[in-house]
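Inspection log for the structure reproduced underneath, given as structure tokens.
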Amino acid sequence: MMKEFPLPVVAIGPGSQPEDEALQYMPLPSAMMTFALPVIDEADPALMAAACAVVERLRDEMQATPLDSATIPTVELQDMDTEVVRLLNQTMGEGEVSIAVRGSGQYRIQETVFASVWRVHEFATDGRLIGDTIMACAIPPMVAQWAQDGVSLDCKIPEKDAGLMNAPAVLTEIVGKAKAYKAGDGAHVINLTLLPMSPEDLECLTQTLGVGAVTILSRGYGNCRITSTKLPNVWWVQYFNSMDTLILNTIEVSEVPEVALASSEDYEDSIDRLGEWLQVMQAPESVD
């Protein structure tokens, strides 16, 4: 579930300026999702029982496994009856966070309406679905793993040229923090919105940092687009208002930006909600 972001400020930065080339983004969500108990159509009792068994197993594993554990509660669905999977998709729904991985690994990841519970689809290079998993965690581990795909600290910082104001200094800071970053370090955030940045500065940052393998879209208190770059542990984090206008533009050095991570409170709340899900699914005749 997305964290609340700082007070809105004036919009500058990538997304607020015209782009020479059309970048391919996943569409931004248009509304915030809220939890609701499933609405159940007539379903085969055997399918219902199988779906309940999956959710019960997941809920039990989550109860026995803290969010910060090295073990991740996981249920494999790839070889499961397609009608059971369809029923799970229908009733678990889609939550606030969507993730696409487009590198050497190809994944489409969707948070369910249960924050911290994710549907993870893995695809072969020819587009075939080769993995279908439910997992409960702050964020699926392949997100951080594949954000490192093709990255390099070999970053050429341009000389200060006509039109450039702060880009060389910002890039020097980013590269220095990326080189020094170690797992477990706190995030280092550069708020571009508060800096005087010319169009040439923004173009320089965009071209130098590049676009990495991971795109995360989150909705909650606002729409947020998070994109990995070609530098290790360096991310663009951009917040948009309901009119899709950029209101906060930052670069963050971290393993994965915190705004994309489910919290312990989310995890505990989802355990309770999965129990409510089971009550509804196991006794549909009691629901008006």
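Would you be able to say whether some residue in the stretch 248-258 is part of a helix (DSSP H, G or I) and closer than 26 Å to Ile72 by Cα? Yes, there is a match, as at least one residue in the stretch 248-258 is part of a helix (DSSP H, G or I) and closer than 26 Å to Ile72 by Cα. A Cβ distance below 7 Å, combined with a sequence gap of six or more or placement on separate chains, defines the contacts here; from the stretch 157-171, residues that are under 16 Å from Leu192 (Cβ atoms) reach residues that are basic (Lys, Arg) in the pairs Pro168/Lys160. Inspection of the stretch 51-60 identifies at least one residue that is of a type in the set (A, V, I, L, M), at pLDDT below 95, at negative phi and not in a loop (DSSP other than H, G, I, E, B). When Ile130, Ile157 are checked against the criterion of being modelled with pLDDT under 90, surrounded by fewer than 21 Cβ atoms within 10 Å (Cβ to Cβ) and of a type in the set (A, V, I, L, M), a single residue qualifies: Ile157. Among the residues making up the stretch 131-149, those that are part of a loop (DSSP other than H, G, I, E, B) and either touching a Ser or Thr at 6+ places or on another chain (Cβ under 8 Å) or under 22 Å from Leu274 (Cβ atoms) (or both) are Cys137, Ala138, Ile139, Pro140, Asp149.
For the subset of the stretch 208-251 comprising residues that are hydroxyl-bearing (Ser, Thr, Tyr) and within 29 Å of Lys179 (Cβ to Cβ), which member is surrounded by the most Cβ atoms within 10 Å (Cβ to Cβ)? Of everything passing the filter in the stretch 208-251, Ser228 is surrounded by the most Cβ atoms within 10 Å (Cβ to Cβ). Criterion first (within 23 Å of the chain's Cα centre (by Cα), farther than 30 Å from Ser264 by Cα, assigned to a helix (DSSP H, G or I) and not aromatic (Phe, Trp, Tyr)) does Thr193 satisfy it? So Thr193 fits the description; yes.
Conditions (1) modelled with pLDDT under 95; (2) outside the structural domain of Ala115 (by TED's automatic domain parsing); (3) under 21 Å from Leu261 (Cα atoms), marked per residue:
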residue	(1), (2), (3)
Glu203	yes, yes, no
Gln207	yes, yes, no
Ala213	no, yes, yes
Ile216	no, yes, yes
Arg219	yes, yes, yes
Gly222	yes, yes, yes
Thr229	no, yes, yes
Trp235	no, yes, yes
Asp244	yes, yes, no
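Of everything listed in (1) touching a helix residue (DSSP H, G or I) at 6+ places or on another chain (Cβ under 6 Å); (2) in the same structural domain as Ser228 (by TED's automatic domain parsing); (3) not aliphatic (A, V, I, L, M), the single unmet condition for Gly150 is (1).
Out of Ala187, Ala169, one residue alone is of a type outside the set (Phe, Trp, Tyr) and either at positive phi or under 18 Å from the mean Cα position of the chain (by Cα) (or both). It is Ala187. When Val237 is tested against (1) in contact with a strand residue (DSSP E or B) (Cβ under 7 Å, 6 or more places away or on another chain); (2) assigned to a loop (DSSP other than H, G, I, E, B), only condition (2) is not met. Return yes or no: is Ser263 surrounded by fewer than 14 Cβ atoms within 10 Å (Cβ to Cβ) and touching a Ser or Thr at 6+ places or on another chain (Cβ under 9 Å)? Here the answer is no, as Ser263 does not meet what is asked.
The values are calculated or read from the model by the stated rules, or taken from the named source; none is laboratory data. All values derive from a computational prediction rather than experimental measurement. As a convention, Cβ positions derive from the backbone with ideal geometry for all residues, glycine included, and neighbour counts pool all protein chains shown.
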